[in-house]
1. Can you compute the modelled spin-label distance between residue 34 and residue 251, with each label point 7 Å from Cα toward Cβ, in nm?
2. Extension gain residue 189-residue 41, at 0.36 nm per residue separation less the Cα-Cα distance, in nm?
3. Which of the aspartates and glutamates could be linked to residue 189 by a straight reach, that is with a Cα gap under 13 Å, when you skip same-chain ones fewer than 8 residues away?
4. Pulled fully out, how much extra length does the chain show between residue 88 and residue 228, if you take 0.36 nm times their separation in residues and subtract their Cα-Cα distance?
5. Could you compute the net charge surrounding residue 162? Neighbours are other residues with a C-beta less than 14 Å from the C-beta of residue 162; K and R count +1, D and E count -1.
6. Please compute the modelled spin-label separation between residue 133 and residue 52, points set 7 Å along Cα→Cβ, answer in nm with one decimal.
7. Using only Cα atoms, figure out Rg for segment 142-262 and give it as a multiple of 2.2 N^0.38 Å.
8. Taking the Cα centre of segment 198-261 as origin and charging only Cβ (+1 Lys, Arg; -1 Asp, Glu), how large is the dipole, in debye to the nearest 20?
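Each value in this text was obtained by applying a stated rule to the coordinates, not by laboratory testing. In this text, all values refer to a predicted model and were calculated from it rather than measured experimentally. We place every Cβ from the backbone using ideal geometry, glycine too, and count neighbours over all the protein chains shown.
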Amino acid sequence: MTARRVTANSFSFVFLLSILTLAAPVPVSAQLSKIDEASAELAAKLKARKPRPQLVSVTDFSPADPAILPQAHYLALYLSGSLWLRGKDFLKVDHVDVDKTGIESSPLTSQDMAHLAGKLEGDFLVTGSVEKTQNVYTLKLSVLHLPDASPFDSQIIELKTSEFLESFSAPIQSPNKPGINGLGMPTCKDMRVPSFGRDVLALGIHGVLTMKALVSAQGTVQQIQPTRMLGFPSDEDVYKLVKTWKCEPVHDQSGHLVEIVVPVEITIGGSSGAGTGVSAISRKPNP
């Protein structure tokens with residue numbers, strides 16, 4: 001997997017932030033670090049093979065319950081990024097959207113895996129399933145050698161639920177949006193953004209994250225629903241910091257303060273310059 005870059009459509013009303021090279025490292029959540037541990041173990045096994053593999057495909061995980069499909073997609077995306085970071089000196093990793101493969105069964109059968117193996121290029125395929133019981137996500141990973149789909153490795157990873165993971169499948173219910181019924185955009189003066197170490201950005205980790213944010217009538221960010229992530233630890237760090245933003249709420253046509261759902265678009269990395277750029281909203285300077 002080369003540098004991950006995501007382009008995004010522009011919005012009429014959008015928080016648009018460009019996060020460039022700053023000073024502090026990106027923290028990894030205790031739960032997602034378990035995926036990092038599993039990917040490090042797999043990368044070591046792949047590196048030890050002769051000849052050394054060059055391409056690994058990671059498909060979306062198959063959810064036991066359709067309600068956790070967004071989490072299944074994100075966890076596969078995160079695993080692909082984590083595996084690439086730990087095998088970047090010898091390995092290319094591709095994330096494959098299983099919806100585009102024509103396979104509809106869930107969980108994947110052995111026939112499905114063989115079908116995938118026959119369609120994908122590369123040396124290995126990582127696939128698997130996800131189920132949620134109470135407060136735990138259980139990932140069952142299967143690593144297959146291509147093109148014959150013979151078993152190479154398997155792992156089971158248990159992750160406790162977190163606010164970040166649950167946010168993927170928690171829709172925001174408010175109908176209020178900028179531009180509807182005369183509603184404007186909140187004015188924000190406290191929009192902290194993450195700091196990313198030079199070593200992280202030097203790896204070529206850059207792209208656009210998008211999410212929906214519910215700004216309350218008191219100006220706090222009450223809820224976030226991620227809509228596009230990169231699959232790196234920076235995702236959750238951005239999520240947590242956006243939750244701390246403070247805004248001046250909007251008024252409806254009657255003059256009442258109301259909650260409002262706004263799109264947020266954050267760019268990690270950049271070609272030049274430094275600092276944070278803001279477009280299409282009013283940003284008040286900190287006192």
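1. With each label point 7 Å from Cα toward Cβ, the separation is 5.0 nm.
2. 48.9 nm
3. 248
4. Going from the current span to full extension adds 48.1 nm.
5. Summing Lys/Arg as +1 and Asp/Glu as -1 gives -1.
6. Those two pseudo-labels are separated by 4.0 nm.
7. Cα-based Rg divided by the globular estimate yields 1.43.
8. Roughly 80 debye for segment 198-261.
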